[in-house]
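The values are calculated or read from the model by the stated rules, or taken from the named source; none is laboratory data. Given the structure is predicted, the values throughout are model-derived calculations rather than measurements. Cβ placement follows ideal geometry from the backbone for every residue including glycine, while neighbour counts extend to all protein chains displayed. The accessibility values were calculated without ligands, DNA or RNA, using every heavy atom of the protein model including side chains. Shrake-Rupley method; radii C 1.70, N 1.55, O 1.52, S 1.80 Å.
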Amino acid sequence: MTVSVFVDGGAGTTGLEIVERLRGRADLNAVTLDEARRKDAAARAEALNGADVVILCLPDDAAREAVALIENPAVKVIDASTAHRTAAGWTYGFAEVEPGRAAEIAGTARLSNPGCYPTGFLALVRPLVRAGLVPADWAFTVNAVSGYSGGGKAMIAAFERGDAPDATETAFRLYALGLDHKHVGEMQHHGGLAHAPLFAPAVARTYRGMIVEVPLVTAAMPGTPGADRLRDALAESYAGSRLVRVAGKAESEAMGLVTLERNADKDGLDLFVFGNAALGQVRLVATLDNLGKGAAGAAVQNLNLMTGLDELAGLRL
(Lines give C-alpha, C1' and ligand atoms only; values in the text may rest on other atoms or scores of the structure.)
Protein backbone atom coordinates (compact mmCIF):
# COMPACT_ATOMS: atom_id res chain seq x y z
CA MET A 1 0.00 0.00 0.00
CA THR A 2 1.27 3.44 -0.94
CA VAL A 3 -0.09 6.37 1.07
CA SER A 4 -0.38 9.79 -0.59
CA VAL A 5 0.63 12.71 1.63
CA PHE A 6 0.22 16.44 1.02
CA VAL A 7 2.20 18.78 3.28
CA ASP A 8 0.43 22.14 3.17
CA GLY A 9 3.02 24.69 4.25
CA GLY A 10 5.94 22.50 3.31
CA ALA A 11 8.22 25.50 2.76
CA GLY A 12 8.18 26.46 6.46
CA THR A 13 10.61 25.22 9.10
CA THR A 14 8.46 22.35 10.38
CA GLY A 15 7.22 21.52 6.87
CA LEU A 16 10.75 21.21 5.52
CA GLU A 17 11.68 18.89 8.37
CA ILE A 18 8.66 16.70 7.69
CA VAL A 19 9.35 16.55 3.96
CA GLU A 20 12.94 15.53 4.68
CA ARG A 21 11.75 12.63 6.87
CA LEU A 22 9.33 11.48 4.17
CA ARG A 23 11.85 11.64 1.34
CA GLY A 24 12.79 8.33 -0.22
CA ARG A 25 10.10 6.26 1.47
CA ALA A 26 8.64 3.63 -0.88
CA ASP A 27 5.46 3.38 1.21
CA LEU A 28 4.55 7.04 0.65
CA ASN A 29 3.74 9.21 -2.34
CA ALA A 30 4.26 12.92 -1.83
CA VAL A 31 1.67 15.24 -3.37
CA THR A 32 3.45 18.44 -4.37
CA LEU A 33 2.44 21.78 -5.86
CA ASP A 34 4.86 24.12 -7.57
CA GLU A 35 5.04 27.77 -6.55
CA ALA A 36 2.37 28.93 -9.01
CA ARG A 37 -0.10 26.15 -8.15
CA ARG A 38 0.38 26.65 -4.40
CA LYS A 39 -1.12 30.12 -4.88
CA ASP A 40 -3.99 28.73 -6.97
CA ALA A 41 -6.96 28.15 -4.65
CA ALA A 42 -8.47 25.45 -6.86
CA ALA A 43 -5.21 23.52 -7.14
CA ARG A 44 -4.66 23.68 -3.40
CA ALA A 45 -8.21 22.53 -2.67
CA GLU A 46 -7.72 19.65 -5.10
CA ALA A 47 -4.53 18.60 -3.28
CA LEU A 48 -6.21 18.88 0.12
CA ASN A 49 -9.07 16.65 -0.99
CA GLY A 50 -7.06 14.23 -3.09
CA ALA A 51 -4.45 13.01 -0.60
CA ASP A 52 -4.86 10.17 1.86
CA VAL A 53 -3.24 12.30 4.58
CA VAL A 54 -2.81 16.07 4.78
CA ILE A 55 -0.25 17.58 7.14
CA LEU A 56 -0.89 21.25 7.92
CA CYS A 57 2.18 23.35 8.72
CA LEU A 58 0.37 26.68 8.77
CA PRO A 59 -0.52 29.54 11.13
CA ASP A 60 -3.61 28.83 13.23
CA ASP A 61 -6.17 30.74 11.14
CA ALA A 62 -4.80 29.31 7.88
CA ALA A 63 -4.98 25.80 9.36
CA ARG A 64 -8.64 26.29 10.23
CA GLU A 65 -9.31 27.57 6.71
CA ALA A 66 -7.53 24.55 5.21
CA VAL A 67 -9.64 22.14 7.27
CA ALA A 68 -12.77 23.90 6.06
CA LEU A 69 -11.68 23.29 2.46
CA ILE A 70 -11.52 19.52 2.96
CA GLU A 71 -14.80 17.99 1.82
CA ASN A 72 -13.56 14.46 1.17
CA PRO A 73 -14.43 12.40 4.31
CA ALA A 74 -11.65 9.91 3.53
CA VAL A 75 -8.88 12.49 4.01
CA LYS A 76 -7.00 12.28 7.30
CA VAL A 77 -5.57 15.49 8.76
CA ILE A 78 -2.56 16.15 10.97
CA ASP A 79 -2.50 19.76 12.14
CA ALA A 80 0.88 20.98 13.36
CA SER A 81 -0.48 24.37 14.42
CA THR A 82 -1.99 25.19 17.82
CA ALA A 83 -5.46 25.64 16.33
CA HIS A 84 -6.96 22.30 17.40
CA ARG A 85 -4.85 21.12 20.34
CA THR A 86 -7.67 21.39 22.83
CA ALA A 87 -10.56 21.25 20.33
CA ALA A 88 -13.38 18.73 20.62
CA GLY A 89 -13.31 16.04 17.97
CA TRP A 90 -9.54 16.16 17.53
CA THR A 91 -7.18 13.50 18.88
CA TYR A 92 -4.13 14.82 20.69
CA GLY A 93 -1.16 13.24 18.95
CA PHE A 94 1.18 12.31 21.80
CA ALA A 95 1.11 8.55 21.43
CA GLU A 96 2.94 7.70 24.65
CA VAL A 97 1.32 10.10 27.11
CA GLU A 98 -1.88 8.12 27.84
CA PRO A 99 -2.65 4.38 27.88
CA GLY A 100 -4.42 3.51 24.64
CA ARG A 101 -3.54 6.80 22.94
CA ALA A 102 -1.57 5.10 20.14
CA ALA A 103 -4.69 3.07 19.29
CA GLU A 104 -6.79 6.25 19.30
CA ILE A 105 -4.33 7.85 16.89
CA ALA A 106 -4.50 4.82 14.62
CA GLY A 107 -8.27 5.21 14.35
CA THR A 108 -8.63 8.98 14.06
CA ALA A 109 -9.15 11.18 11.01
CA ARG A 110 -8.40 14.47 12.77
CA LEU A 111 -5.21 14.77 14.78
CA SER A 112 -3.56 17.75 16.44
CA ASN A 113 0.22 17.50 16.71
CA PRO A 114 1.49 18.49 20.18
CA GLY A 115 3.59 21.57 20.88
CA CYS A 116 7.29 21.14 21.64
CA TYR A 117 7.26 22.54 25.18
CA PRO A 118 4.04 20.70 26.14
CA THR A 119 5.57 17.45 24.91
CA GLY A 120 8.36 17.70 27.48
CA PHE A 121 6.10 18.96 30.25
CA LEU A 122 3.34 16.40 29.75
CA ALA A 123 5.81 13.53 29.39
CA LEU A 124 7.11 14.36 32.86
CA VAL A 125 3.96 15.39 34.70
CA ARG A 126 0.98 13.55 33.24
CA PRO A 127 1.95 10.00 34.35
CA LEU A 128 2.69 11.26 37.87
CA VAL A 129 -0.64 13.07 38.15
CA ARG A 130 -2.48 10.07 36.74
CA ALA A 131 -0.77 7.79 39.30
CA GLY A 132 -1.71 10.12 42.17
CA LEU A 133 1.92 10.76 43.11
CA VAL A 134 1.73 14.46 42.29
CA PRO A 135 -1.46 16.45 43.03
CA ALA A 136 -3.46 17.69 40.06
CA ASP A 137 -3.98 20.98 41.92
CA TRP A 138 -0.26 21.54 42.51
CA ALA A 139 1.19 24.95 41.55
CA PHE A 140 3.49 23.68 38.78
CA THR A 141 6.31 25.76 37.36
CA VAL A 142 8.01 24.95 34.06
CA ASN A 143 11.45 26.25 33.12
CA ALA A 144 12.36 25.55 29.51
CA VAL A 145 14.83 26.59 26.83
CA SER A 146 14.74 25.91 23.09
CA GLY A 147 17.00 26.31 20.12
CA TYR A 148 16.11 29.36 18.04
CA SER A 149 14.63 27.28 15.19
CA GLY A 150 11.55 26.96 17.39
CA GLY A 151 10.71 30.55 16.53
CA GLY A 152 10.39 29.85 12.82
CA LYS A 153 11.85 31.71 9.88
CA ALA A 154 11.76 35.17 11.45
CA MET A 155 13.71 34.16 14.53
CA ILE A 156 16.14 32.04 12.51
CA ALA A 157 16.86 35.06 10.33
CA ALA A 158 17.33 37.27 13.39
CA PHE A 159 19.93 34.95 14.90
CA GLU A 160 21.72 33.98 11.70
CA ARG A 161 21.63 37.15 9.58
CA GLY A 162 21.69 39.80 12.28
CA ASP A 163 18.29 41.27 11.47
CA ALA A 164 17.42 41.95 15.11
CA PRO A 165 20.04 43.22 17.58
CA ASP A 166 18.11 41.95 20.61
CA ALA A 167 18.43 38.42 19.19
CA THR A 168 21.93 38.51 17.77
CA GLU A 169 23.75 40.14 20.67
CA THR A 170 22.81 37.58 23.27
CA ALA A 171 23.43 33.91 24.02
CA PHE A 172 20.24 33.39 26.03
CA ARG A 173 17.01 35.32 26.42
CA LEU A 174 13.73 34.93 28.28
CA TYR A 175 10.43 35.67 26.61
CA ALA A 176 6.65 35.39 27.17
CA LEU A 177 7.11 37.71 30.13
CA GLY A 178 3.38 38.42 30.19
CA LEU A 179 2.85 34.80 31.30
CA ASP A 180 0.45 34.24 28.41
CA HIS A 181 2.31 31.78 26.17
CA LYS A 182 -0.04 29.91 23.83
CA HIS A 183 1.18 26.51 25.10
CA VAL A 184 -0.07 27.03 28.67
CA GLY A 185 -3.66 26.01 27.96
CA GLU A 186 -2.46 22.90 26.17
CA MET A 187 -0.31 21.93 29.16
CA GLN A 188 -3.13 22.40 31.64
CA HIS A 189 -5.79 20.69 29.52
CA HIS A 190 -3.87 17.57 28.64
CA GLY A 191 -2.14 17.40 32.00
CA GLY A 192 -5.50 17.23 33.76
CA LEU A 193 -4.42 20.10 36.02
CA ALA A 194 -6.55 22.33 38.19
CA HIS A 195 -4.38 25.39 37.57
CA ALA A 196 -2.38 26.73 34.66
CA PRO A 197 1.32 26.03 35.17
CA LEU A 198 3.67 28.99 35.47
CA PHE A 199 5.61 28.70 32.23
CA ALA A 200 9.03 30.38 31.88
CA PRO A 201 10.40 29.75 28.36
CA ALA A 202 13.71 30.92 26.92
CA VAL A 203 15.68 30.79 23.67
CA ALA A 204 19.40 30.01 23.38
CA ARG A 205 21.90 30.60 20.60
CA THR A 206 21.83 27.08 19.21
CA TYR A 207 19.75 25.99 16.22
CA ARG A 208 17.89 23.03 17.70
CA GLY A 209 17.40 21.14 20.95
CA MET A 210 15.29 21.67 24.04
CA ILE A 211 15.31 21.21 27.80
CA VAL A 212 12.06 21.27 29.78
CA GLU A 213 12.35 21.23 33.58
CA VAL A 214 9.68 20.92 36.25
CA PRO A 215 11.10 21.55 39.76
CA LEU A 216 9.12 20.08 42.66
CA VAL A 217 9.28 20.61 46.41
CA THR A 218 8.12 17.08 47.16
CA ALA A 219 8.49 17.61 50.93
CA ALA A 220 5.35 19.78 50.74
CA MET A 221 3.32 17.20 48.79
CA PRO A 222 0.98 14.58 50.23
CA GLY A 223 2.96 11.39 50.72
CA THR A 224 6.25 13.23 50.11
CA PRO A 225 7.14 11.24 46.97
CA GLY A 226 10.89 10.96 46.47
CA ALA A 227 12.94 10.79 43.30
CA ASP A 228 12.97 6.99 43.24
CA ARG A 229 9.17 6.67 43.36
CA LEU A 230 8.70 9.29 40.69
CA ARG A 231 11.35 7.75 38.46
CA ASP A 232 9.87 4.28 38.84
CA ALA A 233 6.41 5.60 37.93
CA LEU A 234 7.75 7.23 34.77
CA ALA A 235 9.68 4.09 33.83
CA GLU A 236 6.54 2.01 34.25
CA SER A 237 4.47 4.43 32.19
CA TYR A 238 6.89 4.36 29.25
CA ALA A 239 7.96 0.73 29.46
CA GLY A 240 8.21 -0.68 25.96
CA SER A 241 8.30 2.71 24.23
CA ARG A 242 10.78 2.94 21.41
CA LEU A 243 10.97 6.73 21.50
CA VAL A 244 10.63 7.77 25.15
CA ARG A 245 13.47 6.73 27.46
CA VAL A 246 13.59 7.17 31.24
CA ALA A 247 17.11 7.31 32.64
CA GLY A 248 17.72 4.94 35.54
CA LYS A 249 18.87 5.88 39.02
CA ALA A 250 22.54 5.05 38.51
CA GLU A 251 22.73 6.97 35.24
CA SER A 252 20.98 9.99 36.71
CA GLU A 253 23.10 10.10 39.85
CA ALA A 254 26.29 9.89 37.78
CA MET A 255 25.33 12.87 35.62
CA GLY A 256 26.86 16.25 36.34
CA LEU A 257 24.95 18.20 33.70
CA VAL A 258 22.27 18.03 31.02
CA THR A 259 22.93 19.71 27.68
CA LEU A 260 20.46 21.49 25.44
CA GLU A 261 21.78 19.63 22.41
CA ARG A 262 21.43 16.15 23.95
CA ASN A 263 18.60 15.10 21.61
CA ALA A 264 19.25 17.57 18.80
CA ASP A 265 18.52 16.11 15.36
CA LYS A 266 16.85 13.07 16.92
CA ASP A 267 13.17 12.17 17.26
CA GLY A 268 13.37 10.58 20.69
CA LEU A 269 12.68 11.98 24.15
CA ASP A 270 14.81 11.43 27.27
CA LEU A 271 13.43 11.87 30.80
CA PHE A 272 15.42 12.32 34.01
CA VAL A 273 14.60 12.58 37.70
CA PHE A 274 17.16 14.24 39.97
CA GLY A 275 16.51 14.50 43.70
CA ASN A 276 17.80 15.53 47.09
CA ALA A 277 16.10 13.45 49.79
CA ALA A 278 17.38 15.59 52.64
CA LEU A 279 15.82 18.72 51.18
CA GLY A 280 12.73 17.00 49.80
CA GLN A 281 13.30 18.47 46.35
CA VAL A 282 13.18 16.96 42.85
CA ARG A 283 13.99 18.22 39.37
CA LEU A 284 12.09 16.53 36.54
CA VAL A 285 13.92 17.09 33.24
CA ALA A 286 13.07 16.26 29.63
CA THR A 287 15.38 16.65 26.63
CA LEU A 288 14.12 16.58 23.05
CA ASP A 289 14.57 18.23 19.68
CA ASN A 290 12.12 21.08 19.25
CA LEU A 291 11.94 20.16 15.55
CA GLY A 292 11.96 16.40 16.20
CA LYS A 293 9.71 14.86 18.85
CA GLY A 294 8.55 18.44 19.42
CA ALA A 295 7.28 18.93 15.86
CA ALA A 296 8.21 17.12 12.63
CA GLY A 297 9.26 13.83 14.20
CA ALA A 298 5.98 13.63 16.10
CA ALA A 299 4.00 14.41 12.94
CA VAL A 300 5.72 11.60 11.02
CA GLN A 301 5.22 9.19 13.93
CA ASN A 302 1.51 10.08 13.93
CA LEU A 303 1.31 9.72 10.16
CA ASN A 304 2.75 6.21 10.48
CA LEU A 305 0.28 5.25 13.21
CA MET A 306 -2.72 6.69 11.34
CA THR A 307 -1.89 4.74 8.19
CA GLY A 308 -0.83 1.42 9.72
CA LEU A 309 2.84 1.79 8.76
CA ASP A 310 5.90 1.13 10.88
CA GLU A 311 5.71 3.66 13.71
CA LEU A 312 9.41 4.54 13.43
CA ALA A 313 9.64 4.74 9.64
CA GLY A 314 11.45 7.90 8.58
CA LEU A 315 12.39 8.89 12.13
CA ARG A 316 15.85 9.79 13.40
CA LEU A 317 16.86 7.58 16.30
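When a/c reaches 1.5 or more, the comparison of a/b and b/c decides; with that in mind, is the chain rounded, prolate or oblate per its Cα gyration tensor?
Judged from the Cα gyration tensor, the chain comes out prolate (a/c at least 1.5, a/b above b/c).
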Cα pairs beyond 22 Å in the range 215-317, in percent, come to 40 percent
Cα centroid distance between the range 213-242 and the range 74-98, in Å? 27 Å
Treating the range 50-129 as a set of equal point scatterers at the Cα positions, no solvent, please give the Debye-formula log₁₀ I(q)/I(0) at q = 0.23 Å⁻¹. -1.11
Of His190, His84, His181, which is the most mobile in a GNM of the chain whose springs link Cα atoms less than 10 angstrom apart? His181
Tally up the carbon and sulfur contribution to the accessible surface of the range 269-317 as a whole percent, 1.4 Å probe, everything protein left in place. 51 percent
SASA check, Asp232, accessible area w/ 1.4 Å probe, all protein chains in place, rounded to nearest 10 Å², comes out at 100 Å²
With a point put 7 Å past each Cα toward its Cβ, work out how far Arg173 is from Thr2 in nm, to one decimal. 4.7 nm
If one takes the longest principal axis of the Cα atoms in the chain, at what angle in degrees, from 0 to 90 and to the nearest 10, does the Cα axis of helix 13-22 lie? 80 degrees
Interchain or sequence-distant (5+) residues whose placed amide H lies within less than 5 Å of the amide H of Thr82 are Asp60
Consider a paramagnetic label point 7 Å from the Cα of Ala45 along Cα→Cβ; state which residues of the range 71-104 have an amide N under 14 Å from it. 71-72
Checked the range 65-205 with the C-alpha gyration tensor, a ≥ b ≥ c its square-rooted eigenvalues, rounded below a/c of 1.5, otherwise prolate if a/b is larger than b/c and oblate if not; verdict oblate
From the cross-link list Lys39/Lys182; Lys153/Lys293; Lys76/Lys266, the entries with a Cα-Cα span beyond 21 Å are Lys39/Lys182; Lys76/Lys266
Enter the accessible area per residue of the range 191-317 (Å², integer; probe 1.4 Å; all protein chains in place). 39 Å²
What is the extension gain from Ala36 to Thr86, computed as 0.36 nm multiplied by their sequence separation minus the C-alpha to C-alpha distance, in nm to one decimal? 14.6 nm
Return the distance in nm (one decimal) between the two label points of a simple spin-label model at Ala62 and Leu257, each offset 7 Å from Cα along Cα→Cβ. 3.9 nm
Measure off, as a whole percent, the carbon and sulfur share of the 1.4 Å-probe accessible area of the range 23-69, all protein chains present. 51 percent
With Rg from the Cα atoms and Rh as the Kirkwood inverse mean 1/r over Cα pairs, the range 1-85 has an Rg/Rh of 0.93
For the range 108-253, the percent of accessible surface on carbon and sulfur atoms (probe 1.4 angstrom, ligands and nucleic acids excluded) is 54 percent
Tally Lys/Arg at +1 and Asp/Glu at -1 over every other residue whose Cβ is under 15 Å from the Cβ of Asp34; what's the total? 0
Tell me, in nm to one decimal, what length is gained between His195 and Leu279 on full extension, where the rule is 0.36 nm per residue of separation less the Cα-Cα distance? 27.7 nm
Based on the alpha-carbon gyration tensor of the range 89-170 and its eigenvalue square roots a ≥ b ≥ c, which shape applies: rounded if a/c is under 1.5, prolate if not and a/b is larger than b/c, or oblate? oblate
Would you look at the GNM of the chain, springs on alpha carbons closer than 10 Å, and say which of Thr307, Thr14, Thr32 moves the most? Thr32
Considering only Ala106, Ala298, Ala87, give the residue with the highest GNM mean-square fluctuation for the chain, with springs between Cα atoms whenever their separation is below 10 Å. Ala87
Largest first, what is the accessible-area ranking of Arg283, Arg262 with a 1.4 Å probe? Arg283, Arg262
Just to check I understand the Karplus step: with θ = phi - 60° and J = 6.51 cos²θ - 1.76 cosθ + 1.60, what whole-Hz values come out for the range 270-281, glycine and proline as x? 10, 10, 9, 10, 10, x, 10, 5, 5, 8, x, 10
May I ask for the net charge around Pro135, where only other residues with Cβ less than 15 Å from the Cβ of Pro135 are counted and Lys, Arg are +1 while Asp, Glu are -1? +2
Roll a 1.4 Å probe over the protein heavy atoms and report the accessible area of Thr141 in Å², nearest 10. 50 Å²
